[in-house]
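No lab work stands behind these numbers, since they all come straight from the coordinates. This one's a predicted model, so the numbers in the text were calculated from it and none came from an experiment. Glycine also receives a Cβ, built like all others from the backbone with ideal geometry; neighbour counts cover every protein chain displayed.
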Amino acid sequence: MKVLALGGSGGMGRYAVQSLYKHSKIKKIYVADINADAAKDFSLSFGDKVEGIGLDVTKHESLLEVMSEVDIVVNTTGPFFKFAEPILRASIVTNCHYFDICDDWEPTEKMFLLDDQAKNAGITAILGLGASPGLTNILAYMAMLELDDISKVYTGWDMSSAKPEPISSQKGVNAAMVHAIEQMIGKVKVFKDGKYQMERPLTEVKIHYPELGEFKANIFGHPEAISFPYHYPNINESLNIMHGEERGFIATLRFIRFLIEMNLLTKNMAARILTWMEGSTTPKQKTEKLHLPPVFGYAEGNRNGQKISVGVTIDGDIMDLSMGEATSFPLACGVKMLIDGLIDSSGVHAPESGIIDPGLFMNYLSKEISNGVKLFPVITRSEI
């Protein structure tokens with residue numbers, strides 16, 4: 001197997017490359033970056049199995065030429081609202097399996113429309129297999145499996161606990177922060193009352209998490225809100241919600257948004273401020289106060305005639321990972337499962353489609369982040 005890692009020397013992609021390098025069935029990894037020197041320098045420590053190349057993904061013919069030489073494309077090139085759909089289309093043309101960590105709902109919606117083309121090409125495309133989306137989808141899917149029928153699905157994460165990467169090939173504004181700014185302004189698509197709707201991001205949502213109690217969180221523009229009803233159209237509500245342990249964090253985000261919308265602050269400057277905020281955050285001291293889990297899936301529905309809610313999170317080492325590690329390790333797990341024959345359906349999928357067995361996925365993730373010590377999902381339930 002040959003793998004093309006687009007953005008493979010960046011703050012996210014480098015961790016996926018480090019993981020995939022260890023897989024015996026992968027014979028070659030091409031680390032591609034618009035910054036050719038960074039790609040080559042990063043690849044030097046791996047020996048001949050990894051080769052760094054310069055590649056501008058906006059140069060379509062060059063992209064097709066490189067992709068025609070590989071079996072799997074791993075895309076960590078952001079921002080995804082610019083690059084995800086064209087790269088998936090190129091994967092279909094060149095018959096390459098496709099994995100990404102796309103965290104924008106707009107290109108996700110467009111990429112779902114390529115499902116038939118991907119099936120005709122016989123390729124597997126899994127979108128948004130990172131932390132959120134990605135791990136959150138898997139956890140929410142596990143919550144759904146506890147129910148006979150599902151009315152609500154929420155994916156959630158703690159934005160204030162993200163740890164930005166100190167090393168990256170990327171120059172200029174951080175793409176992850178550009179994404180965050182884009183998904184806080186204007187309106188984003190969610191699924192409520194059985195239909196897709198446009199909603200103001202950062203709108204407050206109440207959630208009663210089993211065994212923990214009621215909390216306030218905030219709508220964020222992410223693919224999970226639209227991917228769950230795409231795969232499970234009988235759901236009545238699907239939201240992605242984010243929270244910060246300190247309520248002042250959300251107020252600060254709203255203030256930044258206000259400045260952007262009043263044309264007092266550019267999006268790029270706002271992204272730089274957000275990068276600084278996350279990089280300067282000091283570790284939180286543990287308190288007795290209950291909080292929503294740092295990453296979780298939540299579902300409401302019926303089981304045996306009783307209406308219940310189910311929350312699923314995981315405990316342990318993943319909470320201490322950097323943003324790049326937490327995002328790229330799930331991605332690498334999916335690629336390895338495909339290579340090992342544990343993913344064998346074609347078409348365009350989100351992680352919760354059923355294409356990924358959650359138990360097997362947790363086994364792979366355990367090997368990535370805790371030296372094989374089994375990660376057990378923490379499943380809690382309560383009657384509504």
**Complete:** For the chain, the helices passing both cut-offs (Cα extent along own axis of 24 Å or more, Kyte-Doolittle mean at least 0.0, full DSSP H runs) are 323-339
**Prompt:** Which ordering of I314, I250, I241 is given by a fewest-first count of other beta-carbon atoms within 10 Å?
**Reply:** I250, I314, I241
**Message:** Over the stretch 68-133, what is the relative contact order in percent, taking alpha-carbon pairs closer than 8 angstrom and at least six residues apart?
**Reply:** 36 percent
**Asked** For the chain, what is the mean residue ellipticity at 222 nm derived from helices alone (per DSSP H run of n ≥ 4: -39500 (n - 2.57); sum divided by total residues; nearest 500 deg cm²/dmol)?
**Response** -10500 deg cm²/dmol
**Complete:** P(r) over all Cα-Cα pairs of the chain, 10 Å bins from 0 to the longest distance, whole percent per bin, short to long, reads 5, 25, 35, 26, 9, 1, 0
**Message:** Taking the alpha-carbon distance from K110 and a cut-off under 25 Å, which lysines remain once sequence neighbours fewer than 8 residues away in the same chain are dropped?
**Reply:** K59, K82, K119, K152, K187, K189, K192, K195, K267
**Cleavage-rule hits (trypsin sites (Lys or Arg not before Pro)) in the stretch 186-224: DSSP loop, at most 13 neighbouring Cβ within 10 angstrom** = K187
**Fill in**
With I379 itself left out, Lys, Arg at +1 and Asp, Glu at -1 over residues whose Cβ is under 12 Å from its Cβ give -2
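I want the local charge near R303. Using Cβ-Cβ distances under 13 Å, sum +1 for each Lys or Arg and -1 for each Asp or Glu among the other residues.
In short, -3.
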